[in-house]
Amino acid sequence: MKNITISSPLDGKLIPLNEVNDPVFAGGAMGRGAAVQNPKGKVYAPFDGEITVFFDTHHAIGLHSNDGIDLLIHVGMDTVTLKGKHFTPKAKQGDKVKKGQLLLEFDPAGIKAANLDTTTPVVVTNHTDFGDITFELNDQKVVSQAPSAAAAGPVAKDADDAQYDNLPDEERVAKLIMKYVGGPDNVRSAEHCATRLRLIVNDKSKIQEKKVENIEGVKGQFFAAQQYQIICGTGFVDKVTEEFIKLKPSLAGGGNKEAAYEQMSLVQKISRTLGDVFVPIIPVLVATGLFMGLRGAMLSLGSEWDPTFLMMTQVLTDTAFAFLPALVCWSTMNKFGGTPVIGIVLGLMLVFPALPNAYVVGGAAQELAEKGLTWVQAYGMPGFEGKVPIPLDLGFVTIPLVGYQGSVLPALVLGIFAAKLQHWLKTFIPDIIDLIVTPFLTLLISMMLGFLVVGPIMHGLEQVVFGAVQNFLGIPLIGGLIIGGLQQVIVIFGVHHVFSALEIYLLSTQGSDPFNAIITCATIGQGGAALAVALKTQNAKKRALYISSAVPAFLGITEPAIFGINLRFMKPFIFGCCGGAAGGAVSSMLGLAGTGMGITVLPGTLLYMNGQLLQYFLVNAIGFAIGFGLTYVLYKVEE
């Protein structure tokens, strides 16, 4: 590869790129080059060529020289926020330019007055096509040396890594990860999810991220939710984690969540807590949804069933939702360290059969108003059995008692309270009577609080918040467009678990989940974009890696595709979001909704066998086609 020399397009002080106060440029993610400190306010063409990109905000220019150099000039740090203020373009995108031609004028003083840094990176974005890159400015010179052949190869190995070559894959990967994350002393805790090994480390600076990413068997790595997450893939990650923990047995106790919670933002803590509560009960709801879908498919095909057999299928499909608060209370108590069986009993109290369903009571309010009756007057009247609350007369006030079948938030909040209450009671109740007194007081106090305070407040809040989201989902085109386009962005920040409560609410109140139909489009959109990148990649080894990262997206797991491919090149991620938005818009227009939750794309077909299978295939095809098509046509591999 030939060495190249480029004249600086700005006057000022030339500095190495790694001195720029921006990790993206300083780390070389955008390419190799230099930077100009305290620039004078004018940008000139450094060579003959063409302006390939001139941002609408005028803060950055992309050039292509006649001899094949792609150059990015980015005036200042975060200057995109100025939206063009203090910038005056002297040329436009598509112009042919000559060396020394004025391209842009800007006001350094105005930029500094906005508390922004004027240091300007000048980066060769196709740097892998060249050897050493030298920038010159008068008597100043900065050289960005080409990486050595070893460093530029697909796998950067240390000399002693050969000792692991003959080990089983999972053991080799685990030992190399441990080595490159700084050794056992730098790892505080470890766990894994469906695709990723999740680590909490003591010192991030000890992690050799590039070497971790280049381990054969690793599909990507990133920091999210205060965890260092290494993508290994479904199934393989379990084996890698098992071997990793063998290298430091004290990690077997877990502790990842506690260590991560300490460093999370409030939104991340709420999302992770909801995930820890709802994820354990999702498999039951998934199975229930599958049974609903199969039953709907068979009945829609004209199958006639014996009434008793039909009732048995309803027992199979309806039980989980009929006693949903018991599941939520159990999982919440388990999460917050309470006794799980107390959570089960407390949840069952909320759905005691003698109590009228809160949703039925709410629906009868208009009927009461039309007849000019209060709920107390209507209690026991013919036609209102089970439609009005049961009055609890305390002498000075009458409390309405209702059940909370299908509710989520009352059970969640009550489970948290009960767990905290149990811990507090144990601090002073003697051990000799703890076994009897603590559960009794926990259930008694929690039940009274649940029916008199927590239940009414949280049920009302649940109806307002979730009802508003439900109405937004129902807006033709718009609701699906926005949610389908942004859902995978939310996944990146690790706060997507907040939607579990929403999906459970939708299933319990209306028997279907339109949110699932929208997010399947977002998922397959990212899979289509990742597959397009793989097919356009000429390097056989990289193509195989990219395909293996794209395939899980078609099974509903997008992290390997997002973090291993799409986000690294950004444009494919944006194109995948476009596919999700388009598919989501059509899904909301068609009123598509699954009979369950937790699975999408190919496995998700089982949730749409009740006459909606063709519509489901259609929205998935739209999401895939747009994500794949935009990426294949508009994305250049060298990006």
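Looking only at segment 411-424, decide whether some residue is part of a loop (DSSP other than H, G, I, E, B) and either open to solvent by less than 70 Å² (accessible area, probe 1.4 Å) or without any contact (Cβ under 8 Å) to a residue 12 or more places away in the chain (or both). No, that holds for no residue. For LEU414, are the conditions met, namely being of a type in the set (A, V, I, L, M, F, W, C) and at pLDDT 85 or above? Considered against the rule, which asks whether it is of a type in the set (A, V, I, L, M, F, W, C) and at pLDDT 85 or above, LEU414 comes out as yes. All told, ALA369 falls short of being over 29 Å from the mean Cα position of the chain (by Cα), assigned to a helix (DSSP H, G or I), surrounded by 22 or more Cβ atoms within 10 Å (Cβ to Cβ) and of a type in the set (Gly, Ala, Ser). Of the residues making up segment 12-31, not a single one is acidic (Asp, Glu) and modelled with pLDDT of 90 or more. Listed by position, the strands (runs of 3 or more DSSP E) inside segment 26-99 whose residues that are at negative phi, of a type in the set (Lys, Arg) and crowded, with 17+ Cβ neighbours inside 10 Å number at least 1 are 32-37. Close Cβ contacts (under 6 Å, 6 or more residues apart or on different chains) running from residues in segment 593-618 that are over 17 Å from ALA522 (Cβ atoms) and open to solvent by less than 60 Å² (accessible area, probe 1.4 Å) to residues that are among the acidic types (Asp, Glu) and assigned to a loop (DSSP other than H, G, I, E, B) are absent. All conditions but one from (1) assigned to a helix (DSSP H, G or I); (2) open to solvent by 10 Å² or more (accessible area, probe 1.4 Å); (3) farther than 28 Å from VAL277 by Cβ; (4) polar (S, T, N, Q) apply to GLN538; the one that does not is (1). Would you confirm, using the coordinates I've provided, whether THR605 is under 23 Å from ILE282 (Cα atoms), more than 15 Å from the chain's Cα centre (by Cα) and in a helix (DSSP H, G or I)? When the stated conditions are applied, THR605 passes them. Checking the stated criteria, PHE573 turns out not to satisfy the condition of being touching a strand residue (DSSP E or B) at 6+ places or on another chain (Cβ under 7 Å), assigned to a helix (DSSP H, G or I), open to solvent by 10 Å² or more (accessible area, probe 1.4 Å) and not β-branched (Val, Ile, Thr). Consider segment 226-256 and keep the residues that are of a type in the set (A, V, I, L, M, F, W, C) and open to solvent by 10 Å² or more (accessible area, probe 1.4 Å). The one that is modelled with the lowest pLDDT is ALA252.
Residues being exposed (fewer than 12 other Cβ atoms within 10 Å of the Cβ) and either farther than 24 Å from ILE599 by Cβ or at pLDDT below 85 (or both) are entirely absent from segment 320-335.
Of all residue pairs spaced 6 or more apart or on separate chains, those with beta-carbon atoms under 7 Å, a first member in segment 540-555 that is under 15 Å from ASN566 (Cα atoms) and of a type in the set (D, E, K, R) and a second member that is at pLDDT 80 or above and part of a helix (DSSP H, G or I) are ARG543/ALA534.
The values are calculated or read from the model by the stated rules, or taken from the named source; none is laboratory data. Keep in mind the model is a prediction, meaning the values are calculated, not measured. So basically every Cβ, Gly included, is an ideal-geometry build from the backbone, and we count neighbours across all protein chains shown. Surface areas here come from the heavy atoms of the whole protein model, side chains and all, with no ligands, DNA or RNA. Shrake-Rupley method; radii C 1.70, N 1.55, O 1.52, S 1.80 Å.
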